[in-house]
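> Sending over a structure as structure tokens; questions will come in a sec.
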Amino acid sequence: MKLTYKYLGLVLIVFSIVATGSCSKGGKIKYEEYLIHVDSIQVADTVNLGSKFSVVFFGIIGYDGCSSFARFIAERETGRYKLMVVGKRKTGPNLACPDYLPMLDGEKLELLADSSGVLKLEIVNPGLNQILSKEIFVRN
């Protein structure tokens, strides 16, 4: 009986590796990048000048398991940070994507408070003029 359970366990492990290790049956898998829609962020209201602070992001990355978080883009301008959250999606012929909803779930970006006063964070979402904004205060 023990041998049967070991064999069954081994078969399940091999099956799960094969099932998750390949999403495409033939053809080359490629990735396309896109802008992720950010629903909300968490950040301190006040930070100290010269210190790093975290911006924590929440939202839906994509609508199936072929979508994932790729990177942040942060552009610093006078008095503000313009932030973009980039996802990547697998594409290719005969692509089979796992059926689940990937979420940002607190993906974190560290930024530097390098000037005192009001600092505006602008998160660019997909679509025309879709900006999520938050102002924080940087104290000396």
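The values are calculated or read from the model by the stated rules, or taken from the named source; none is laboratory data. Only a predicted model underlies this, so the values are computations on that prediction, with no experimental measurement involved. Here the Cβ is made from the backbone with ideal geometry for all residues, glycine too, and neighbour counts use every protein chain on show.
> Only residues that are without any contact (Cβ under 8 Å) to a residue 60 or more places away in the chain and aliphatic (A, V, I, L, M): list them for the range 120-140, please.
LEU128, ILE131, listed by residue number.
> Something else: Pairs only if they're at least six apart or on different chains, beta carbon under 9 angstrom, first in the range 29-56 and small (Gly, Ala, Ser), second assigned to a loop (DSSP other than H, G, I, E, B); list them, first residue then second.
Close Cβ pairs satisfying both conditions: SER40/GLY59; GLY50/ALA113; GLY50/ASP114; SER51/ALA113; SER54/VAL43; SER54/ALA44.
> Report, ordered by the first and then the second residue, all pairs with beta carbons closer than 7 Å, sequence separation of six or more or different chains, a first member in the range 82-96 that is modelled with pLDDT of 95 or more, and a second member that is among the polar types (S, T, N, Q).
Final answer for the pair search is GLY87/SER67; GLY87/SER68; LYS88/SER68; ARG89/SER67.
Every residue, every condition in (1) of a type in the set (Asp, Glu); (2) within 14 Å of the chain's Cα centre (by Cα), yes or no:
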position: SER68; (1), (2): no, yes
position: ILE73; (1), (2): no, yes
position: GLY79; (1), (2): no, no
position: MET84; (1), (2): no, yes
position: ARG89; (1), (2): no, yes
position: ALA96; (1), (2): no, no
position: ASP99; (1), (2): yes, no
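> Kindly indicate which of ASP105, ASP114 is part of a loop (DSSP other than H, G, I, E, B), touching a Phe, Trp or Tyr at 6+ places or on another chain (Cβ under 9 Å) and in contact (Cβ under 8 Å) with a residue 40 or more places away in the chain. Talk me through it step by step, then tell me what you get.
On the way: ASP114 fails: touching a Phe, Trp or Tyr at 6+ places or on another chain (Cβ under 9 Å).
Just a single option satisfies the conditions, and that option is ASP105.
> If you go through the range 35-73 one residue at a time, how many are of a type outside the set (S, T, N, Q) and assigned to a loop (DSSP other than H, G, I, E, B)?
16
> If you don't mind, another one. Inside the range 28-47, can you point out the residues that are out of contact with any strand residue (DSSP E or B) (no Cβ under 6 Å at 6 or more places or on another chain) and either β-branched (Val, Ile, Thr) or over 20 Å from LEU132 (Cα atoms) (or both)?
LYS28
> Regarding VAL55, is this residue surrounded by 12 or more Cβ atoms within 10 Å (Cβ to Cβ) and within 16 Å of ALA44 (Cα to Cα)?
Numbers: surrounded by 12 or more Cβ atoms within 10 Å (Cβ to Cβ): yes; within 16 Å of ALA44 (Cα to Cα): yes.
Taking the combined requirement at face value, the residue satisfies it.
> May I pose another question? Could you tell me which of the residues ILE13, ILE73, ILE41 is among the hydrophobic types (A, V, I, L, M, F, W, C) and either over 30 Å from ARG139 (Cα atoms) or at pLDDT below 95 (or both)?
One residue alone meets the criteria, ILE13.
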